[in-house]
Structures are given as C-alpha cells and as structure tokens.
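Trainee: A single structure is presented below for examination.
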Amino acid sequence: MSHAGDGNFHLVFVVTPEDADEMAQAQTINARLVHRALAMGGTCGREHGVGLGKIGYLQEEHGETLEVMRTIKRALDPQNLMNPGKMIAL
C-alpha cells in the first residue's frame, strides 16, 4: 500500500513467522528498503510511528539527535509508561 505522491511507502510482508529462512529474507529486504530510503533523504518511519521493526535504524537516521529525543522522552515520561520501548529505546 502507498500514497507515494507525498513520499509515503508502506510495505507489508506476508510471511510464515515459524519459517526462519522466510523471516530472514523479509528482514534482508526490509533493511535494503530502509537503507535506500535513508540514502535518498527519506526516513524509516514517521506517519504511523517507528514500530519495533524500524527502531534499530533510528541511530543511522538521526545520529546524535537521538540522544536529544531520549532526553525529552525521559523528561516527559520519567517512568517510561507511555509506549515503553516502542519509539525510542531508553
């Protein structure tokens, strides 16, 4: 699904979670897509949040700014109650 006119492209993999080979292939394809988007000045996620599948790419996308985001998260949610571990790993 996509609305590529405004730069959004959403991909849903239909996989069998119990099939390790299939899952590895999906993860490889996902990594290639994320790296390509970042190389083109895009982002790994925003519209619907980052999600657990993209959180590992935030450092690559944001660099030092990620620590600023963590600081804001800690200030606004010191007990880490709001979506713990889903946006920014503290």
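The values are calculated or read from the model by the stated rules, or taken from the named source; none is laboratory data. Remember, predicted model here, so these are calculated numbers, not experimental data. For neighbour counting, all protein chains shown are included, and Cβ atoms are generated from backbone atoms with ideal geometry for every residue, glycine included. The protein model used for the area step is the full one, side chains on, heavy atoms only, and it has no ligands, DNA or RNA in it. Shrake-Rupley method; radii C 1.70, N 1.55, O 1.52, S 1.80 Å.
Trainee: How many residues does segment 66-90 hold that are open to solvent by less than 70 Å² (accessible area, probe 1.4 Å) and assigned to a helix (DSSP H, G or I)?
Mentor: Within segment 66-90, residues that are open to solvent by less than 70 Å² (accessible area, probe 1.4 Å) and assigned to a helix (DSSP H, G or I) number 4.
Trainee: OK, next. Go through segment 56-88 and give me each residue that's β-branched (Val, Ile, Thr) and either modelled with pLDDT of 85 or more or over 26 Å from Ala24 (Cα atoms) (or both).
Mentor: Within segment 56-88, Thr65, Val68, Thr71, Ile72 meet the criteria.
Trainee: Please verify whether Asp19 is of a type in the set (D, E, K, R) and modelled with pLDDT of 90 or more, treating the condition exactly as stated.
Mentor: Taking the combined requirement at face value, the residue satisfies it.
Trainee: Being among the hydrophobic types (A, V, I, L, M, F, W, C), without any contact (Cβ under 8 Å) to a residue 24 or more places away in the chain and at negative phi is the requirement here; does Ala89 meet it?
Mentor: Criteria not met by Ala89.
Trainee: Is it the case, given these coordinates, that Gly53 is loosely packed, with under 12 Cβ neighbours inside 10 Å and modelled with pLDDT under 90? Spell out the reasoning first.
Mentor: Numbers: loosely packed, with under 12 Cβ neighbours inside 10 Å: no; modelled with pLDDT under 90: yes.
Judged against the criteria, Gly53 is not a match.
Trainee: Something else now. I'd like to verify a number: residues in segment 12-35 that are open to solvent by less than 60 Å² (accessible area, probe 1.4 Å) and either touching a His at 6+ places or on another chain (Cβ under 9 Å) or among the β-branched types (Val, Ile, Thr) (or both), how many?
Mentor: Within segment 12-35, residues that are open to solvent by less than 60 Å² (accessible area, probe 1.4 Å) and either touching a His at 6+ places or on another chain (Cβ under 9 Å) or among the β-branched types (Val, Ile, Thr) (or both) number 2.
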